[in-house]
């Protein structure tokens, strides 16, 4: 008796795959808005599903849990930022990145990309990240390890090459100062606009703020290097 041929698993049609992908994209978009509005703890999978036009079962099918969906939204945000950083830094001439001018251009490109992302009023992902900083979820260690720490190290490498006489601790503090200046324009946006008597940031703010932060950073690094050179070195006594 002939052995029956094995039954092949049905291959999903392109139309079905396309619908599933669109549902997944709608869920991510809706989740970004809900997480930004309510925070991780206040958001529910049911509200996200309703906002996306999908059912709750579809949300669980695509992402499993709220934490998994939250991580996916964070991944979407950070990968967009990484792409923007790579594009702006990649525009810097690669022929002589060891020169001081090229290093300054790299710092400027990095600060400009971060600022442009942060001050975009339509970027709900930035609001979500600010909420995460103020009220961290269980996903924060993963975000720090996967994205935030590598970005921090990238900035430190640029600053360390701009100020080679500074030790690691001084470079780490300088990096925090740069990040603080950049994030100020988003974290203090509402109060700053009130003090500026404006409804929105003026055109050109990203470029002007980038130039200011770069100049302030270079001046700060020079001052720190000057203090480091003038500080008397401790002589170790033989025991």
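Here residue 144 meets the list (1) at pLDDT 95 or above; (2) surrounded by fewer than 19 Cβ atoms within 10 Å (Cβ to Cβ) almost entirely, failing just condition (1).
Condition check ((1) surrounded by 13 or more Cβ atoms within 10 Å (Cβ to Cβ); (2) free of Cβ contacts under 8 Å to residues at least 40 places away in the same chain; (3) under 18 Å from the mean Cα position of the chain (by Cα); (4) within 14 Å of residue 220 (Cβ to Cβ)) across all residues:
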| site | (1), (2), (3), (4) |
| --- | --- |
| 151 | yes, no, yes, no |
| 159 | yes, no, no, yes |
| 162 | yes, no, no, yes |
| 165 | no, no, no, yes |
| 169 | no, yes, no, no |
| 174 | yes, no, no, yes |
| 183 | yes, no, yes, no |
| 188 | no, yes, yes, no |
| 192 | yes, yes, no, no |
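Flag: residue 127 does not match the condition of being farther than 17 Å from residue 34 by Cα and in contact with a helix residue (DSSP H, G or I) (Cβ under 6 Å, 6 or more places away or on another chain). Just one of the numbered conditions (1) part of a helix (DSSP H, G or I); (2) crowded, with 19+ Cβ neighbours inside 10 Å is not true of residue 51: (2). Taking region 206-228 as the range and being within 21 Å of residue 123 (Cα to Cα) and surrounded by fewer than 16 Cβ atoms within 10 Å (Cβ to Cβ) as the test, the residues that pass are 207, 208.
Residue 32 passes every criterion in (1) within 15 Å of residue 123 (Cα to Cα); (2) free of Cβ contacts under 8 Å to residues at least 24 places away in the same chain; (3) not assigned by TED's automatic domain parsing to the domain that holds residue 125 apart from (2). Residue 110 passes every criterion in (1) at pLDDT 90 or above; (2) more than 17 Å from the chain's Cα centre (by Cα) apart from (2).
The values are calculated or read from the model by the stated rules, or taken from the named source; none is laboratory data. Owing to the predicted nature of the structure, the values given are computational and were not obtained by experimental measurement. Heads up, the Cβs are rebuilt from the backbone with ideal geometry, glycines too, and the neighbour counts pull from every protein chain shown.
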